[in-house]
Amino acid sequence: MKILITGGAGFVGSNLAHFLAGKGHEIHVVDDLSEGNIQNIEDLIAAGKCKFHRENAFHTEIKSDIIYHLACQKMIYSIRKPREDLYANTATTVNILELARKQDIPVVFTSTGSVYGNPTVFPTPEDYPPDPESPYGVSKWAAEEYCKLYHKMYGLNVVIARLFSVYGPRQRFIGVIPKFIKQTLEGKPMTVEGDGTQSRTFTYVDDCVEVLILLSEKGVPGEVYNIAGEKPYSIAQISKTIADLYGDYGIKFVSRKKGDLDQIHPSTEKIRALGWRPKIDMETGIRKTMEWIKNG
Ligand SMILES: NC(=O)c1ccc[n+]([C@@H]2O[C@H](COP(=O)([O-])OP(=O)(O)OC[C@H]3O[C@@H](n4cnc5c(N)ncnc54)[C@H](O)[C@@H]3O)[C@@H](O)[C@H]2O)c1
């Protein structure tokens with residue numbers, strides 16, 4: 001199958017590219033390298049398993065049998081650059097939906113748990129009303145609505161995955177887990193934003209890749225699915241686990257970023273009904289991430 005992955009030089013996209021290339025598919029990556037790193041897929045390109053297009057997803061017209069649309073501007077930049085955020089997260093999605101509609105091919109779109117803002121119902125189900133706290137959350141929610149609209153208007157086969165705190169190999173050090181591991185390896189204190197009581201439901205990247213493929217096969221078109229690990233962990237718990245495993249160099253508390261969310265605990269019943277369970281527990285995921293950082 002010819003597979004187009006937008007944002008495929010980024011963290012999740014490059015892991016997806018490796019998995020799908022391993023299955024013998026013809027992989028095309030569209031990435032403008034605004035945030036991604038070509039090194040993430042260099043081995044695939046060199047082996048002739050992936051064709052790289054340095055291109056903006058807003059303009060791409062590459063034909064394929066399916067599109068995984070992951071290109072995005074991340075939350076951490078969205079407060080500073082709300083216009084770029086709208087462009088990278090919403091406008092590119094409209095182009096991808098148009099591209100898919102013209103070819104009548106399926107799309108898997110990666111949205112985010114940030115669309116919920118700070119919900120008051122836990123575990124938070126997919127039909128909980130969105131109330132984002134950042135331009136990132138708004139732009140992704142708008143993109144979701146375009147996906148649903150294209151399903152309604154054109155019958156397009158598009159499935160929406162709301163991802164939550166994915167971590168693992170190839171992630172940049174802005175992610176809390178690789179950041180804490182790197183700081184510990186360097187013998188420095190871990191920088192905890194706020195008091196560390198805020199919680200996240202982390203998903204190991206291999207589990208995330210598996211579920212994106214599952215959604216392409218079994219996801220109901222036009223539907224939204226929360227994708228998250230087994231249970232929430234506070235940032236303080238994560239720092240303690242890493243300190244216990246690799247050494248305790250203390251904690252430096254710093255102020256929280258605007259738009260940062262408090263408690264995150266989505267319901268995953270809907271995706272579990274399709275047969276998915278996360279396979280990698282937190283400690284194993286941290287160990288695997290550590291191996292990658294040490295060997296990289
Ligand atoms: N990693 C997480 O924890 C997480 C959580 C929730 C949602 N998501 C979603 O999953 C997807 C992948 O996230 P990630 O962590 O791999 O992000 P990432 O920043 O590592 O990758 C995104 C990639 O998109 C590229 N890109 C940005 N704008 C582009 C454009 N206009 N055209 C082409 N390429 C462009 C960047 O260069 C980068 O390589 C995103 O859609 C993100 O919103 C991720």
On a full-extension model of 0.36 nm per residue, what is the gain between K257 and F122, subtracting their alpha-carbon distance, rounded to one decimal in nm? 46.3 nm
Ranked packing of 92-98, 246-252, most packed first, by mean Cβ within 10 Å: 92-98, 246-252
For the chain, the percent of all C-alpha pairs falling in each 10 Å bin, from 0 up to the bin holding the max distance, is 6, 29, 38, 22, 5, 0
Alpha-carbon spread of the stretch 207-253, three principal axes, descending order, Å: 48, 18, 16
Which lysines, if any, have their Cα less than 25 Å from the Cα of K257, not counting same-chain residues under 8 positions apart? K74, K81, K140, K179, K182, K188, K231, K240
If you put +1 on each Lys and Arg Cβ and -1 on each Asp and Glu Cβ, how big is the dipole of the chain around its Cα centre, in Debye rounded to 20? 320 debye
Whole-Hz ³J(HN,Hα) for each residue in the stretch 269-277, computed from phi via Karplus 6.51 cos²θ - 1.76 cosθ + 1.60 with θ = phi - 60°, x for glycine and proline: what do you get? 4, 5, 6, 5, 5, 8, x, 8, 9
Report the gain in length on full extension from L274 to N295: 0.36 nm times residue separation, minus Cα-Cα distance, nm rounded to one decimal. 4.0 nm
Under 5 Å, built H, 5+ apart or other chain: amide partners of R256: G194
Cα-based Rg and Dmax for the stretch 133-195, in Å, come out at 17.9, 56
So if the hydrodynamic radius of the stretch 184-237 is defined as the Kirkwood radius over C-alpha pairs, what does Stokes-Einstein give as its diffusion coefficient at 4 °C and 1.567 mPa s, in µm² per second? 94 µm²/s
Among 64-73, 103-112, 3-12, what's the highest-first ranking by average C-beta atoms within 10 angstrom per residue? 3-12, 64-73, 103-112
Counting sequence-distant residues (5 or more places) and residues on other chains, those with an amide H built under 5 Å from that of V158 are V107, G222
How large are Rg and Dmax for the stretch 57-199 when calculated on the C-alpha trace, in angstrom? 17.1, 56
Built amide H within the under 5 Å cut-off of I66, gap 5+: L4
Ordering of 137-144, 80-87 by packing [mean C-beta count within 10 Å, highest first]: 137-144, 80-87
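Quick note: the coordinates plus some simple rules give every number you see, no bench work behind them. Note that the coordinates shown come from a computational prediction; the quantities given were computed from them, not determined experimentally. Here the Cβ is made from the backbone with ideal geometry for all residues, glycine too, and neighbour counts use every protein chain on show.
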